[in-house]
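> Got a structure for you, written out below as structure tokens; questions coming shortly.
The values are calculated or read from the model by the stated rules, or taken from the named source; none is laboratory data. Only a predicted model underlies this, so the values are computations on that prediction, with no experimental measurement involved. Ideal geometry is used to build each Cβ from the backbone, glycine not excepted, and the neighbour counts take in all protein chains shown.
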Amino acid sequence: MERLHSETCPRYLLGVLNAGKAELQKQVKPEAWLSSGPTPGPGCLLLVCHVSGFYPKLVRVMWMRGEQEQPGTQQGDIMPNADWTWYLRVTLDGAAGLSY
């Protein structure tokens with residue numbers, strides 16, 4: 001019993017802590033793709049950026065035009081994927097013919 005208490009348990013706990021540390025330090029780069037959504041009005045286009053497969057959950061995604069962040073960017077909820085990574089959808093009502 002003494003050996004279990006002084007050697008086996010601490011070694012087991014150290015293994016669990018190391019595994020948890022590796023999981024917390026894990027980083028997975030996202031995959032992103034673009035699409036368009038339903039037209040919000042004449043001469044407008046709904047731009048949609050899908051970002052998926054990222055980890056950890058903390059991420060910032062925005063629509064840019066040149067160096068300027070575009071006002072009106074709408075970020076959806078960050079949703080879990082089945083593989084423990086995350087998915088995010090960011091939209092912008094854009095004017096047709098402009099580049100972003």
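> Q25 versus (1) within 23 Å of the chain's Cα centre (by Cα); (2) at pLDDT 80 or above: which is the lone unmet condition?
Every condition holds for Q25 apart from (2).
> Next question, about the same structure. For E31, indicate whether it is more than 10 Å from the chain's Cα centre (by Cα) and of a type outside the set (A, V, I, L, M, F, W, C).
So E31 does not fit the description; no.
Residues are listed down the side, and each one gets a yes or a no for (1) under 12 Å from G94 (Cα atoms); (2) surrounded by fewer than 14 Cβ atoms within 10 Å (Cβ to Cβ):
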residue: A32; (1), (2): no, no
residue: C49; (1), (2): no, no
residue: G53; (1), (2): no, no
residue: K57; (1), (2): no, yes
residue: M64; (1), (2): yes, yes
residue: G72; (1), (2): yes, yes
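> Something else: Condition first: in a strand (DSSP E or B) and modelled with pLDDT under 90. Now tell me which residues in region 47-100 satisfy that. Walk me through how you get there before you give the answer.
Just the residues of region 47-100 that are in a strand (DSSP E or B), to begin with: 47-55, 64-65, 68-69, 74-75, 79-80, 86-95.
Hits for region 47-100 are R65, D93, G94, A95.
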